[in-house]
Amino acid sequence: MLAGKRVLLIIGGGIAAYKSLLLVRLLKGQGAAVTPVLTAGGAEFVTALSLGALAGEKVHDRLFDLTAEAEMGHIELSRSADLIVVAPATADLMARMAGGRADDLASTLLLATDTPVLVAPAMNVRMWLHPATQRNIAQLQADGVRFVGPDEGEMACGEFGPGRMAEPEAILEAVRALLADGPLAGRHVLVTSGPTHEPIDPVRYIANRSSGAQGAAIAAALRDLGARVTFVTGPAVVPPPPGVTVVRVETAVQMLAAVQAALPAEAAVFAAAVADWQVSNAAGQKLKKDRSGKAPRLEFVENPDILATVAKMTMGRPRLVVGFAAETEQVFDNAAAKRARKGCDWIVANDVSPGTGIMGGAENAVTLITGAGAEVWPRMGKDAVARQLAERIAAALQA
Ligand code: C5P
């Protein structure tokens with residue numbers, strides 16, 4: 001995936017630096033060349049020896065290194081890279097980046113280049129949440145720096161919260177998203193996925209059996225073709241793929257708002273199993289049994305149709321709007337009618353009758369319905385369906 005790409009990896013001074021050794025291996029495994037740069041702080045956590053051995057390249061760690069300057073000057077060092085990754089990026093290193101400082105090799109390299117920069121912050125939760133750090137992040141974002149993480153969780157210092165460095169696999173995905181030169185490179189694509197939860201009261205909800213597997217696979221396949229993917233997901237069982245922008249929602253109404261906020265996009269794929277109705281008399285407090293023995297009566301109102309809303313936009317409509325039709329009978333006729341009714345360009349129809357094992361399963365058997373007619377695809381893994389669909393989307397956008 002990354003053959004022929006050169007990554008300059010700057011390792012700052014944090015305990016997460018040990019994970020960057022794994023990142024070097026992952027990047028190399030994808031075919032990238034990795035030039036490691038170790039800050040003075042970073043060298044307290046990992047050694048130049050292990051880094052150099054894993055990268056198979058000289059490790060750069062000093063600004064005033066006459067031998068290194070004679071071989072490759074520090075300006076050339078940062079400009080020859082396709083991407084600069086800072087992992088871990090400490091609060092101090094980000095502060096120096098945001099301030100335009102050049103007081104060590106890492107900050108000088110970052111200042112002396114217009115190569116894209118990806119930062120994986122790692123620090124104590126209070127340092128992360130401190131207004132000074134947040135100010136620096138906003139500045140770096142305004143300067144075009146991209147971020148991956150931090151994650152939330154337990155920290156080496158025993159505290160809990162945001163500040164853990166993103167896992168190496170997630171950093172790799174972010175690198176791939178930035179360096180991929182696939183047919184969808186630079187294009188923004190939206191995918192909805194998973195079920196929605198419609199509350200009955202504060203503790204109960206109505207849901208459906210969608211696992212989110214097909215939507216996650218489609219997002220990953222579009223990402224692999226180079227797209228910038230916004231993934232709007234209900235509470236799904238299958239986790240979102242790395243390397244996409246995840247927006248988590250619960251209800252259909254929230255999903256519609258998230259979709260509208262994520263537009264514009266060149267293509268939008270609506271793989272979510274959106275509840276058709278919401279409970280109009282949802283209770284503000286938990287419903288309780290009373291002595292009468294009578295069950296509560298739920299009333300419903302229709303949810304907004306997200307697919308139809310986007311497909312019928314008069315301004316800013318995605319060039320390609322793809323819906324799904326999960327049917328249990330007369331799959332083709334129902335799906336074709338749905339395509340017309342909703343105003344979408346394509347419908348991916350599948351038979352989810354009991355016994356097919358499709359809903360929640362690993363395989364799918366779909367019929368793609370376009371303006372040109374219907375194509376029956378053989379039953380295959382949801383990943384394969386996703387790859388084939390992503391390729392068709394790429395071809396349609398290129399046409
Ligand atoms: O539920 P239905 O069969 O109408 O779903 C067909 C398509 O419409 C799917 O792509 C689904 O994601 C989308 N949909 C939606 N909003 C709804 C209902 C369905 O986006 N409220």
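What number of residues within the range 241-260 satisfy the criterion of being farther than 21 Å from E198 by Cα and not in a strand (DSSP E or B)? If you could, list the steps in order and put the result at the bottom.
If we filter the range 241-260 for residues that are farther than 21 Å from E198 by Cα, which is where we start, we get 241-245.
The next check asks that each one be not in a strand (DSSP E or B); those that pass are 241-244.
The qualifying residues number 4.
Scanning the range 48-73 for residues that are under 32 Å from the mean Cα position of the chain (by Cα), surrounded by fewer than 14 Cβ atoms within 10 Å (Cβ to Cβ) and on the phi < 0 side of the Ramachandran plot turns up just one, A53.
Considering only residues of the range 268-280 that are among the β-branched types (V, I, T) and assigned to a strand (DSSP E or B), which is farthest from the ligand (Cβ to nearest atom)?
The first filter runs over the range 268-280 and keeps only residues among the β-branched types (V, I, T), leaving 269, 274, 279.
Filter again for assigned to a strand (DSSP E or B), leaving 269, 279.
Working: V269: 8, V279: 15 Å.
Filtering first and then ranking leaves V279.
Considering each residue of the range 218-267, count those that are of a type in the set (K, R) and either within 20 Å of D181 (Cβ to Cβ) or within 14 Å of the ligand (Cβ to nearest atom) (or both), and give that number. So the count comes out to 2. Filtering the range 57-109 to residues that are without any contact (Cβ under 8 Å) to a residue 40 or more places away in the chain and under 12 Å from L38 (Cα atoms) leaves K58, V59, S107. Here's a check for you: in the range 118-154, which residue that is in a helix (DSSP H, G or I) and among the polar types (S, T, N, Q) is nearest to A174 (Cα to Cα)? Ranking the qualifying residues of the range 118-154, first place goes to Q141.
Readers should treat all values here as calculations from the given coordinates under stated rules, not as data from a laboratory. Here the structure is a predicted model, which is why all the values come from computation and not from measurement. Neighbour counts are summed over all protein chains in view; Cβ atoms, including those assigned to glycine, are modelled from backbone coordinates with ideal geometry.
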